[in-house]
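Coordinate-derived values only; no laboratory data. From a predicted model like this one, the values you see are computed outputs, not experimental measurements. Here Cβ is always computed from backbone atoms with ideal geometry, including for glycine, and neighbour counts include all displayed protein chains.
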Amino acid sequence: MTHVVQQGGVQRSLQKKGKPDAIIKEHGDLKQVPPEVSASCSIAEASPIDEQRIDYNTNSFVLNDSTKPILDDFAKRWKADGKNKNVRIDGYASANGTEPLNWRLSCSRANTVKKELMHPSNGGAGVTEGAITTYAHGETNRFSHNQFLPNQTATITSEIKIDHHPFSPDRGNEAYDKKELKAYCSKGDYSNGKDEKADKDHDLEQGRYPEKENFFLINYYDYFGGEKGALKDFTQGFGFGTLFEPSTQDGNRLKDHFLYDNGNRINFDPYTDMSRIIGKEKGFKLFDTLFRSEVTKYIDRTGSLCGFDGNAFLLLNNPGYFKDQLFAHAVMGGYNRIEIHMELAQAKTIRFIKYKIYDHFGAGLGDAGSLLPGLAALYYLQHFAGKKGVKYTPFIWSVEIRRDGP
């Protein structure tokens, strides 16, 4: 066996009888490990031996239902052993994706096994956190050099053994994989799972929080400027934020809805100026490129969307805070829910992808002390001068962005 270092990943060459060398990649490129992965998992530079595998679907770190009882039984026997034996969990990903995505997937796969061992779904006693160490490997071909599925896995190394492999021994067999993916799935609906109504910062509320509102501008409006002064500052601040998109009134539609309407939702369809403006935001464009790349690779390999876990992709990736354009920063900035609906053409290429991004138009406690033009004024109008359902009413809004073609 010879060991070689290539592109940051440890590889080894195995000679198989009657076949050419198969280069085994133990882990991904160490130079492309995302910071959040390093913070959540140890970075593996070698693989353990005598391991027990837990397999995953493509682009997913969600445990299959058949896996949980086996892990729960492992936790039960670990507890009964009473010796606090160490448990090592290694996460892996296949090479059909970008390096950063595969590092995230591998770490998330290890951590979902850890979570199930610590908090079994059956309510039983779990493994102590201090006994568990998780490792991320990123992409590998360690379990198969010509099939992706076997490399989408996590392994457990411990003196405590799981009873049996929870998946079919045919998994990774070419004929089995083709049979599993032969159905042609032409549509996909995915989301990051967040609730667009979630309101931890009170930006959809109109209540008072006097013990937390002792900020200069709030006190100024309360004692001097009043509603009139806050309204002037909010209008001027919002006007400055939308100044560089003079050709559209979509920003004013949001502002006027807050000032004069009753809090109903607003949606901007793919043919509006709002869609065009948010769609050219740098963070969104990078996100769109990454998603299209991932789904295109999957379609090229399988011929359909069957088994593509877009939900996991959205949990692992997001467009980032919108701050490339002043207008996008002023009207949206952050957001809380993202949905994707996509369809394939008959030629098994992308027909279109439609993104829907949700945000709140309102101000929370985090905005009350802000010095950004108009934000504290927005908070004052909403929480001090507003009356529910009458005026200065926060609301949920969304924008749809469509991308056509392959």
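Observations
- Relative contact order for the chain: 19 percent, from Cα pairs under 8 Å spaced at least 6 residues apart, divided by residue count.
- Counting only Cβ charges, +1 for Lys and Arg and -1 for Asp and Glu, the dipole size of the chain around its Cα centre is about 760 debye.
- Neighbour counts of C-beta atoms inside 10 Å place L30, L305, L378 in the sequence L30, L305, L378, starting with the fewest.
- To the nearest ten degrees, helix 282-302 and the longest principal axis of the Cα atoms of the chain are 30 degrees apart.
- Cα-based helix-to-principal-axis angle, 99-118 vs the chain, degrees rounded to 10: 80 degrees
- Candidates G97, G130, G251: whichever shows maximal mean-square fluctuation once the chain is modelled as a Gaussian network with Cα springs under 10 Å: G130
- Ordering of 220-229, 327-336 by burial proxy (mean other Cβ atoms within 10 Å per residue, highest first): 327-336, 220-229
- Each part reduced to its alpha carbon centroid, the stretch 281-316 and the stretch 113-153 end up 23 Å apart.
- Computed over the Cα atoms of the chain, the ratio of the radius of gyration to the Kirkwood radius (Rg/Rh) comes to 1.06.
- Angle of helix 250-260 to the longest C-alpha principal axis of the chain, folded into 0 to 90 degrees and rounded to 10: 60°.
- Subset of K25/K348; K197/K323; K114/K197; K194/K356; K282/K356; K285/K354 violating a 20 Å alpha-carbon distance limit: K25/K348; K197/K323; K114/K197
- Excluding same-chain neighbours fewer than eight residues apart, the aspartates and glutamates reachable from K79 by a Cα-Cα span under 17 Å are E116, E129, E159, D163.
- If R0 equals 51 Å, the separation of the Cβ atoms of A385 and A80 corresponds to a calculated FRET efficiency of about 0.20.
- Residue (of P35, Q152, F61) at the positive-pole extreme of the chain, dipole from beta-carbon charges: Q152
- Charge dipole (Cα centre; +1 on Lys/Arg Cβ, -1 on Asp/Glu Cβ; no other charges) of the stretch 225-272 amounts to roughly 120 debye.
- Here, the stretch 190-404 has an Rg and a Dmax of 19.3, 67 Å when only alpha carbons are counted.
- Largest GNM mean-square fluctuation among S275, S38, S94, using the chain with Cα springs under 10 Å: S38.
- Most fluctuating residue given options Q152, Q236, Q52, as computed from a GNM of the chain linking Cα atoms under 10 Å: Q236
- Overall, the stretch 190-404 carries a charge dipole of about 420 debye about its Cα centre when +1 sits on the Cβ of Lys and Arg and -1 on the Cβ of Asp and Glu, all other atoms neutral.
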